Every structure is written in C-alpha cells, then in structure tokens.
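Trainee: Starting off with a structure, shown below.
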Amino acid sequence: MSAKSPREVLNAYHRAIRDKSPDDLADLYAVDAVHEFPFAAPGFPPRFAGREEVRAGYRAAWGASPVTVSDIRDVVVHETADPAVLVAEHVVVGTLPGPDATVTVPGLLVLRVDGAGRLAHVRDYMDGYGVAAARGRAAENASAGHLHERSPADD
C-alpha cells in the first residue's frame with residue numbers, strides 16, 4: 001500500500017472532523033508530529049506534541065463539545081513549492097442544541113505530510129473566538145433548557 005498524498009490526508013482530516021473522531025484524526029499523524037494553534041484559542045493549548053497528545057486533546061475537546069459538525073465547506077487548497085506542504089482554507093459548519101443553533105468556524109491549515117503519508121506538522125489557524133462564542137451559546141442554551149424543564153409537580 002502506498003503512502004497517502006497530502007490531498008488524501010487532508011480529505012481524511014476533514015472526515016475525522018465531520019465525524020468528531022479523535023482516533024481517526026490522531027491516526028493521521030506521525031508519532032512525533034506537532035500540531036500548533038498559532039492564534040490563541042480559549043480552552044485550547046498552544047500545541048500538541050505527538051500523536052497521542054493530539055488524540056487526548058481532541059478527545060477532551062470534542063467530548064466536551066455539544067456541537068454536531070454538519071459540513072465542511074468552502075474548501076480551497078493551495079499547492080506550495082514543497083509538494084509535501086498544503087495550505088487549506090475551510091469553514092466548519094455545525095449545530096448546537098436549542099435556538100440560534102448554527103455555528104460556523106472558518107480556519108486555515110498548513111499541513112506538512114512526511115514520506116510515509118502521515119502528518120508531521122500542522123499549523124491550525126482556527127477562529128478561536130468563534131469556538132468560544134459557540135461554547136457560550138451552548139452554555140446559554142443549556143441553562144435556558146433547565147429553566148424551562150417541567151417537573152412532575154407542575155402537572
């Protein structure tokens with residue numbers, strides 16, 4: 001079996017995001033890969049060092065998130081002079097429980113794929129404020145839902 005091309009890795013990366021699968025995502029990385037978040041995102045560390053940190057970090061983040069990813073759209077891939085490096089723009093679209101349920105988070109990825117077809121280095125420029133705003137709306141929706149729940153005593 002031949003190594004995945006950078007575009008194939010990007011497609012698998014997007015699938016893992018849509019499925020919110022930390023295992024599928026982490027399995028794309030080399031053991032010693034680095035995943036950086038150059039723009040500080042509330043609730044995210046500045047980087048993950050190694051495949052298992054990627055797995056644990058995304059398991060925690062996605063496990064705590066009420067967002068269901070429905071689509072990844074507006075994907076634009078830019079080739080670079082280095083065939084192992086891709087720059088990809090995208091918008092992650094998701095839904096939250098409750099009113100005002102649509103969430104859009106634009107992002108830009110710089111992916112370096114090693115000779116074995118694994119991610120060696122990722123720079124993830126996501127809209128951290130968009131993620132934080134979605135978390136805030138999810139918390140508000142959850143609080144509002146608790147305020148409107150009926151108890152048996154209400155009947």
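Trainee: Sorted by accessible area (1.4 Å probe), largest first, how do Val85, Val110 line up?
Mentor: Largest accessible area first, the residues go Val110, Val85.
Trainee: Treating the stretch 59-102 as a set of equal point scatterers at the Cα positions, no solvent, please give the Debye-formula log₁₀ I(q)/I(0) at q = 0.14, 0.32 Å⁻¹.
Mentor: Here the Debye-derived log intensity ratios amount to -0.51, -1.05.
Trainee: Which of the peptides 77-84, 16-23, 117-124 is most tightly packed, and how do the rest follow, going by the mean number of other Cβ atoms within 10 Å of each residue?
Mentor: 117-124, 16-23, 77-84
Trainee: What figure, in Å² to the nearest 10, do you get for the accessible area of Glu89 with a 1.4 Å probe and non-protein molecules left out?
Mentor: About 70 Å², ignoring ligands and nucleic acids.
Trainee: Going by accessible area, probe 1.4 Å, with all protein chains left in place, what is the ranking of Ser65, Ser2, Ser70, largest first?
Mentor: Ser2, Ser70, Ser65
Trainee: Return a whole-number percent for the relative contact order of the stretch 12-134, with Cα pairs under 8 Å and 6 or more residues apart as the contact set.
Mentor: The normalised contact order for the stretch 12-134 reaches 26 percent.
Trainee: At a threshold of 8 angstrom on Cα-Cα distance, excluding pairs fewer than six apart, so keeping six or more, what relative contact order does the stretch 4-61 reach in percent?
Mentor: 31
Trainee: Would you work out the relative contact order for the stretch 58-98, in percent, from Cα pairs under 8 angstrom that are 6 or more residues apart?
Mentor: 45 percent.
The values are calculated or read from the model by the stated rules, or taken from the named source; none is laboratory data. Note that the structure is predicted; figures quoted are calculated from it, not measured. Every residue, glycine as well, gets a Cβ built from its backbone with ideal geometry; the counts of neighbours run over all protein chains shown. Areas reflect the complete protein model, heavy atoms only, side chains present, ligands, DNA and RNA absent. Shrake-Rupley method; radii C 1.70, N 1.55, O 1.52, S 1.80 Å.
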